[in-house]
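The values are calculated or read from the model by the stated rules, or taken from the named source; none is laboratory data. Given the structure is predicted, the values throughout are model-derived calculations rather than measurements. Neighbour counts run over all protein chains shown; Cβ positions are idealised from the backbone, glycine included.
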Amino acid sequence: MSADLAFAPAPRDPARSFQDMILTLHDFWSAQGCVILQPYDMRMGAGTFHTATTLRALGPEPWNAAFVQPCRRPTDGRYGENPNRLQHYYQYQVILKPSPPDIQALYLKSLAAIGIDPLAHDIRFVEDDWESPTLGAWGLGWEVWCDGMEVTQFTYFQQMGGFDCKPVAGELTYGLERLAMYIQGVDNVYDLAFNTAGVSYGDVFLENERQMSKWNFEVAETGALFDLFAKAEAECRNALSAGVPIAAYEQAVEASHVFNLLQARGVISVQERTSYMGRVRDLARSSCEAYAEKMAPEWQAKYPGWSLV
């Protein structure tokens, strides 16, 4: 190869770069055998909604994956005026199935890789069992605190879509902005160094936070949102009746986000909120159930002795 075409990547510098911190986590979890996936191309409130987590937690097949997921929580927007509250932010998601016996040690090694030496910091696992009624899911879990600040949620999935997880999957959810603020020693998320070339997090996202907060709280047309919710609900049922539960699940995710927008607009009463949450839950659980039932014959053929229930 010509010397002009040769390329040697610069060393990662997670202590001075948000993107290098992400790339270092990619390097670390890739070395552990994880498939490094791309974000799901839909608006969702948490990385757990990615099909690589939710649907892949079902069934007996081994599955190890890691990915960044942009998350949207419209009611958390603060017009770019709050130093650590965002309506759009990033989670780093790892799912390991079956959960390895050394998952806690692997996690601590991943912290060391991005510049947090577990021996030099107060790392605590605070019991915090996780539940998502929307997904019909729950798990035994811990919040991971570093020097008094929560940086990760660590969960052993016990159920997903109302079905027992057999085998149990381990999930790690890193709060990327919070971790980066800690590592870089800044108090304002917009002051984070996004890379080592002088681009800040604020350069990338501050205007987005201003405009999207206004849209979420003031501008989004509520009649159109109610219509979008009804259409997503109907299309989910349509997909379920046609035997394509992955497509149905996507519509459940869409309905969930539209519901969050309706909450941000302040047009759902307390009583209506309970009703809408129940409708989203029914869509998501029905999609997970249909996926598990559709895949069960294939899983049982590959893994004799395994059963869905």
Qualifying position, being under 26 Å from THR134 (Cα atoms) and at pLDDT below 95, among THR48, THR54, THR75: THR48
Looking only at segment 58-79, which residues are within 19 Å of THR152 (Cα to Cα) and of a type in the set (A, V, I, L, M)? ALA65, ALA66, VAL68
Residue identified as within 30 Å of ARG210 (Cβ to Cβ) and either more than 18 Å from the chain's Cα centre (by Cα) or buried (at least 21 other Cβ atoms within 10 Å of the Cβ) (or both) among GLY59, GLY77, GLY33: GLY77
Which count do you get for residues in segment 195-254 that are among the hydrophobic types (A, V, I, L, M, F, W, C), in contact (Cβ under 8 Å) with a residue 60 or more places away in the chain and under 25 Å from THR53 (Cβ atoms)? 4
Do any helices (runs of 4 or more DSSP H) entirely within segment 213-309 hold 2 or more residues that are under 20 Å from the mean Cα position of the chain (by Cα), and if so, which? 245-264, 270-302
Is it the case that some residue within segment 194-207 is in a helix (DSSP H, G or I) and of a type in the set (Ser, Thr, Tyr)? yes
Suppose the filter is assigned to a loop (DSSP other than H, G, I, E, B) and not charged (D, E, K, R); does GLY170 pass it? no
From SER213, SER307, grab the single residue that is at pLDDT 95 or above and either assigned by TED's automatic domain parsing to the domain that holds PRO167 or among the hydroxyl-bearing types (Ser, Thr, Tyr) (or both). SER213
